[in-house]
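One structure below.
The values are calculated or read from the model by the stated rules, or taken from the named source; none is laboratory data. Computed from a predicted structure; not experimentally measured. In this analysis, Cβ positions are derived from the backbone assuming ideal geometry, glycine residues included, and neighbour counts consider all displayed protein chains. Calculation scope for accessible area: heavy atoms of the full protein, side chains included, ligands and nucleic acids excluded. Shrake-Rupley method; radii C 1.70, N 1.55, O 1.52, S 1.80 Å.
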Amino acid sequence: MTANGYAQLGLYMVVLLALAKPLGAYMARVYEGRPFGLDRLLGPLERWIYRLSGIRADDEMRWQTYAGAMLLFNLTGVLMVYALQRMQGLLPLNPQSLGPVSPDSAFNTAVSFATNTNWQGYGGETTMSYLTQMLGLTVQNFLSAATGMAVLVAFIRGLARRSAQTIGSFWVDLTRTTLYILLPLSLVLALALVSQGVVQTFGPYAKASVVQPTTYDEPVTDKDGKPVLDEKGRPATKKARLMEQVIARGPVASQVAIKQLGTNGGGFFNVNSAHPYENPTPLSNFLELLAILLIPAALCHTFGVMVKDTRQGWAILAAMTIMFVGLLALCVGAEQGGNPLLTGLGIDQHAGELQAGGNMEGKEVRFGIVNSALWATATTAASNGSVNAMHDSFTPLGGLAPIWLIQLGEVVYGGVGSGLYGMLVFAIIAVFVAGLMVGRTPEYLGKKIEAYEMKMASLVILIPPALVLLGTAVAVVTSGGKAGISNPGPHGFSEILYAFSSAGNNNGSAFAGLGANTPFYNISLGVAMFFARYWLAIPTLAIAGSLAGKKPVPPGAGTLPTHTPLFVVLLISVVVIVGALTFFPALALGPIVEHLIMMSS
C-alpha cells in the first residue's frame, strides 16, 4: 500500500475521533434537557408537536410502557411503508409510472427500513417512485435511527438513575433525536453533497441518444418484475436493441444524507454509493464515510457525560476503535494484496505509478482499493450496509472482515443507538465473567448485576446468532434458498451466510451475487430483520428498567474498574470470543475454505 493510502486512513480516523467529543457533548445536552442553542430556535416547534400529538413532555414511562410505545410506533411505520409501496402506481410524484411493488418485496422493504436494516432486494430507480422514496423510505430512515437512539438513551438512564421507576418518555426522546440531531446534521450534509454533484430534483429521468446502437440480452421478467427461468432453471433473456439511454435521477441528496448519518444504508440507486449520482467525488466519499460512524462514535461520549463519568465512554470507544482498526487492516491488506490465484500465476499486483495494484474487481476507479476497503469495514462495523464497491467481488479474506464485523453483533461502533446499547450489554457480560473469576457479585457503574439482568443479556447475544445460523441452514437445504445461488461451492455458501448475517444483525449489505428478490428470501430475511431488531431492544429496555430501580453500591477494594485498559482488553476478549465460538464453523465452510482453495490452486 502507498503512503497516500496510509495518509487517507489516518486522516479518516483522526477526524472521526476528533468530532466525537463535541458532538457527543451536544447530544448529552439534548437528552438531559440542558440549553444547547438550537432549543431557542426549534423549541416552539417541539412544543407544538407535543400539543398536536397530545404528549406531555414531563410524563415519563416505565420500561414496559416505553417498549410498548416503541413497538406500536414501529409497527405503524411498517404498515404505512407497505401500503405506500402497494399503492404507488396510483399516487403522485411517479414520473416513470412505476407500478405497485409485489407483496413479498413490499413486506421485506417495509420491515427492512423500519428496523434500520435497509436490506434492498430491489433496484431503487426501477422499482420505487419519488413519493415512495421520500415519504416512505427517507422518513423511516429518520424514525428508525431515532428509535435506536431513544432506546439507548433509556438504557443509559437506567444505568445512571438511582431507585427510579421510569426511564424517560419514548415520544420525547424520539422527537428530540429527530428534531435536534438528525434533521440539522442531515441538512448540512445534504447541502455539502449537492455541492459535490449529488443530484436533487423532482424532474423525470433524462434521456440521451446513444452514439452507437447495440444489441444485448435483456432479462425476461414477469408482471411483478421478477426473473423468469428457462427450461434449465436459468434466468431467461431476450434480444433487445439499445437506441436510447435513460438516465435515472431524483431527490437523491436528501436520502443519501440520512441514510449515512442514521446508519440506514438504503440507497436511492441499485448500486448504492458506487453510483456517481450518489457519490461522485473523493470529497463526497469522505463525507459519506465520516457520516457512517460519526454519531455511533459520538454517542460513546454522550454515554460518559450522562453517567457522570466520561472515562466510561472513552473506554467503550477505545474498545470499539481497536477492533475496528484490526479488521480494517485485514480487509485493506487482503484487497491490496490481490487475488491469490493471480499471484500464483506470477502476475504483478503491487501498487505502483502505473497501476493501483491489488484486487480492483468490483471497485470504482475514482475511489480505489483503500477507500473501498475502508467503506466496507465502516459500513459493516456500523449497521449501515451502504456500499461503494461490491463486497461479492472482494477476496475471501477481504470479504471475511466485513462479514465477521456484522456477526460480532454490530457493536463495533454499530448502528446509531443500537451499537452502543449492544456493546453495553457486552460490558455487563464482561463484568459478570470477571465476577465469576474472583467469586464476587458483579457490578457495573455502581449497580449489582444479578440473575435477571444476565438472563436478558443472554437473550441479546443469543438471538442474532440463532437467526443467522438457522436461516442459513434452512436456505442451503431448501429449493427456494438454493435457487438464488449464482456461485456454486464455498462462495455460494458465503453469499447465503452473509445475507442472513446482514438481516439477523440489521446491517443490510450483501454479497450481491445472491438472487434474493424471491418470496423465500423476502419473507425469511424480513422475519429475521424484525426479530433481530425488537427481540434485542425489548430485553435491553428490561435491563434498563431493572437497573434504574436499584440502589447504588459503593465501590470497594474488590470492585472491577470499568474505565481502565484492563477492562478494555476484557471487553474486547468477550466480544471476540463470543463471535469466534459462534460463527467460526460457518466461516470455515465459506470464506476460509475458499481462501485455502485459491491458495492451493
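One line per residue, one yes/no per condition, for (1) under 19 Å from the mean Cα position of the chain (by Cα); (2) at negative phi; (3) basic (Lys, Arg):
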position: ASN522; (1), (2), (3): yes, yes, no
position: ARG533; (1), (2), (3): yes, yes, yes
position: GLY545; (1), (2), (3): no, yes, no
position: GLY549; (1), (2), (3): no, yes, no
position: VAL568; (1), (2), (3): no, yes, no
position: ILE577; (1), (2), (3): no, yes, no
Looking at the structure I just gave you, is MET529 over 25 Å from GLY417 (Cα atoms), part of a helix (DSSP H, G or I), open to solvent by less than 40 Å² (accessible area, probe 1.4 Å) and not small (Gly, Ala, Ser)?
no
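Could you check how many residues of segment 124-180 are of a type in the set (Phe, Trp, Tyr) and open to solvent by 10 Å² or more (accessible area, probe 1.4 Å)? Step through it out loud before you land on a result.
At the first step, the residues of segment 124-180 found to be of a type in the set (Phe, Trp, Tyr) are 130, 142, 155, 170-171, 180.
Now narrow it down to the ones that are open to solvent by 10 Å² or more (accessible area, probe 1.4 Å): 142, 171.
Here the count works out to 2.
Across segment 437-462, which residue is nearest to PRO554 (Cα to Cα) among those that are among the hydrophobic types (A, V, I, L, M, F, W, C), within 29 Å of the chain's Cα centre (by Cα) and in a helix (DSSP H, G or I)? Step through it out loud before you land on a result.
Here is the first cut: in segment 437-462, the ones among the hydrophobic types (A, V, I, L, M, F, W, C) are 437-438, 445, 449, 451, 454, 456-457, 459-462.
Checking the rest, the ones that are also within 29 Å of the chain's Cα centre (by Cα) come to 445, 454, 456-457, 459-462.
If we keep only those that are in a helix (DSSP H, G or I) too, we end up with 454, 456-457, 459-462.
Details: MET454: 21, MET456: 24, ALA457: 23, LEU459: 29, VAL460: 28, ILE461: 29, LEU462: 32 Å.
If we take residues in segment 437-462 being among the hydrophobic types (A, V, I, L, M, F, W, C), within 29 Å of the chain's Cα centre (by Cα) and in a helix (DSSP H, G or I), then MET454 is nearest to PRO554 (Cα to Cα).
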Checked pairs for segment 437-463, first open to solvent by 50 Å² or more (accessible area, probe 1.4 Å), second of a type in the set (S, T, N, Q) and at pLDDT 95 or above, C-beta under 8 Å and 6 or more apart or across chains, list as TYR452/SER546
Subset of segment 401-427 (residues that are at pLDDT 95 or above and either charged (D, E, K, R) or over 17 Å from the mean Cα position of the chain (by Cα) (or both)):
LEU424, VAL425, PHE426, ALA427
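Rundown of residues vs (1) charged (D, E, K, R); (2) surrounded by fewer than 24 Cβ atoms within 10 Å (Cβ to Cβ), yes/no style:
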site: VAL246; (1), (2): no, yes
site: ARG249; (1), (2): yes, yes
site: VAL271; (1), (2): no, yes
site: ALA274; (1), (2): no, yes
site: GLU278; (1), (2): yes, no
site: ARG311; (1), (2): yes, yes
Any residue at all in segment 82-103 that's within 29 Å of the chain's Cα centre (by Cα) and under 21 Å from ALA154 (Cα atoms)?
no
Search result, residues across segment 366-384 that are open to solvent by 10 Å² or more (accessible area, probe 1.4 Å) and either within 19 Å of LEU17 (Cα to Cα) or not hydrophobic (A, V, I, L, M, F, W, C) (or both)
ARG366, GLY368, ASN371
Enumerate the pairs (first residue in segment 542-562 and under 18 Å from PHE432 (Cα atoms) and open to solvent by 10 Å² or more (accessible area, probe 1.4 Å); second residue anywhere and of a type in the set (Phe, Trp, Tyr) and assigned to a helix (DSSP H, G or I)) with beta-carbon separation below 6 Å, excluding pairs fewer than 6 apart on the same chain, so at least 6 apart or on different chains.
SER546/TYR452
Neighbours by Cβ (under 7 Å, 6+ apart or cross-chain): first from segment 12-37, on the phi < 0 side of the Ramachandran plot; second outside any helix (DSSP H, G or I) and surrounded by 15 or more Cβ atoms within 10 Å (Cβ to Cβ)
TYR26/PHE36; ARG29/PHE36; VAL30/PHE36
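Assess whether LEU191 counts as being open to solvent by less than 10 Å² (accessible area, probe 1.4 Å) and at pLDDT 95 or above.
Values: open to solvent by less than 10 Å² (accessible area, probe 1.4 Å): no; at pLDDT 95 or above: yes.
So LEU191 fails the test.
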Quick one: count up the residues across segment 337-365 that are open to solvent by 30 Å² or more (accessible area, probe 1.4 Å) and within 21 Å of ALA7 (Cβ to Cβ).
11
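Keeping to segment 545-565, report how many residues are closer than 19 Å to THR441 by Cβ and not in a loop (DSSP other than H, G, I, E, B). Walk me through it before giving the result.
We begin by selecting, within segment 545-565, every residue closer than 19 Å to THR441 by Cβ; these are 546-562.
Cutting the leftovers down to not in a loop (DSSP other than H, G, I, E, B) gives us 546-548.
Selection size over segment 545-565: 3.
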Find the residue count for segment 118-158, including only residues that are of a type in the set (Phe, Trp, Tyr) and more than 28 Å from PRO519 (Cα to Cα).
1
Would you mention how many residues in segment 385-412 are surrounded by fewer than 24 Cβ atoms within 10 Å (Cβ to Cβ) and of a type in the set (Asp, Glu)?
1
Which residues, counting only those in segment 221-243, are closer than 21 Å to SER102 by Cα, basic (Lys, Arg) and either modelled with pLDDT of 90 or more or open to solvent by 70 Å² or more (accessible area, probe 1.4 Å) (or both)?
LYS223
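Any residue that is among the aliphatic types (A, V, I, L, M), surrounded by fewer than 23 Cβ atoms within 10 Å (Cβ to Cβ) and in a helix (DSSP H, G or I) - is there at least one of those in segment 207-220?
Narrowing segment 207-220 to residues among the aliphatic types (A, V, I, L, M): 208, 210-211, 220.
Subset that is surrounded by fewer than 23 Cβ atoms within 10 Å (Cβ to Cβ): 208, 210-211, 220.
Filter once more, keeping what is in a helix (DSSP H, G or I): none.
No, segment 207-220 contains no residue that is among the aliphatic types (A, V, I, L, M), surrounded by fewer than 23 Cβ atoms within 10 Å (Cβ to Cβ) and in a helix (DSSP H, G or I).
Is there a residue in segment 48-55 that is outside any helix (DSSP H, G or I), of a type in the set (Gly, Ala, Ser) and loosely packed, with under 12 Cβ neighbours inside 10 Å? I'd like the intermediate steps shown before the answer.
Let us first name the residues in segment 48-55 that are outside any helix (DSSP H, G or I), namely 54-55.
Subsequent filtering for residues that are of a type in the set (Gly, Ala, Ser) retains 54.
Next cut, loosely packed, with under 12 Cβ neighbours inside 10 Å only: 54.
Within segment 48-55, one or more residues are outside any helix (DSSP H, G or I), of a type in the set (Gly, Ala, Ser) and loosely packed, with under 12 Cβ neighbours inside 10 Å.
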Any chance PHE500 is of a type outside the set (Val, Ile, Thr) and either open to solvent by 30 Å² or more (accessible area, probe 1.4 Å) or in contact (Cβ under 8 Å) with a residue 60 or more places away in the chain (or both)
no
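Being touching a residue at least 24 places away in the same chain (Cβ under 8 Å), open to solvent by 30 Å² or more (accessible area, probe 1.4 Å), closer than 21 Å to THR472 by Cα and assigned to a loop (DSSP other than H, G, I, E, B) narrows it down to one of ASN517, ASN507, so name that one.
Working: ASN507 fails: open to solvent by 30 Å² or more (accessible area, probe 1.4 Å).
Checking each option against the conditions leaves just ASN517.
Scanning for something on the phi > 0 side of the Ramachandran plot, in contact (Cβ under 8 Å) with a residue 12 or more places away in the chain and open to solvent by less than 30 Å² (accessible area, probe 1.4 Å), does segment 116-123 turn up at least one residue? Full working, then the answer.
Residues of segment 116-123 that are on the phi > 0 side of the Ramachandran plot, as a first pass: 116, 118.
Right, trim to in contact (Cβ under 8 Å) with a residue 12 or more places away in the chain and you get 116, 118.
Then keep just the ones that are open to solvent by less than 30 Å² (accessible area, probe 1.4 Å); that gives 116, 118.
Yes, segment 116-123 contains at least one residue that is on the phi > 0 side of the Ramachandran plot, in contact (Cβ under 8 Å) with a residue 12 or more places away in the chain and open to solvent by less than 30 Å² (accessible area, probe 1.4 Å).
Yes/no matrix, rows are residues, columns are (1) more than 18 Å from the chain's Cα centre (by Cα); (2) within 23 Å of GLY304 (Cβ to Cβ); (3) in contact (Cβ under 8 Å) with a residue 12 or more places away in the chain:
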residue: ASN141; (1), (2), (3): no, no, yes
residue: GLY148; (1), (2), (3): no, yes, yes
residue: THR175; (1), (2), (3): yes, no, yes
residue: GLY203; (1), (2), (3): yes, no, yes
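Residues of segment 187-228 being closer than 28 Å to ARG86 by Cα and out of contact with any strand residue (DSSP E or B) (no Cβ under 9 Å at 6 or more places or on another chain), which ones?
Kept after step one, since they are closer than 28 Å to ARG86 by Cα, are these residues of segment 187-228: 199-207, 218-228.
Result: GLY203, PRO204, ASP222, LYS223, ASP224, GLY225, LYS226.
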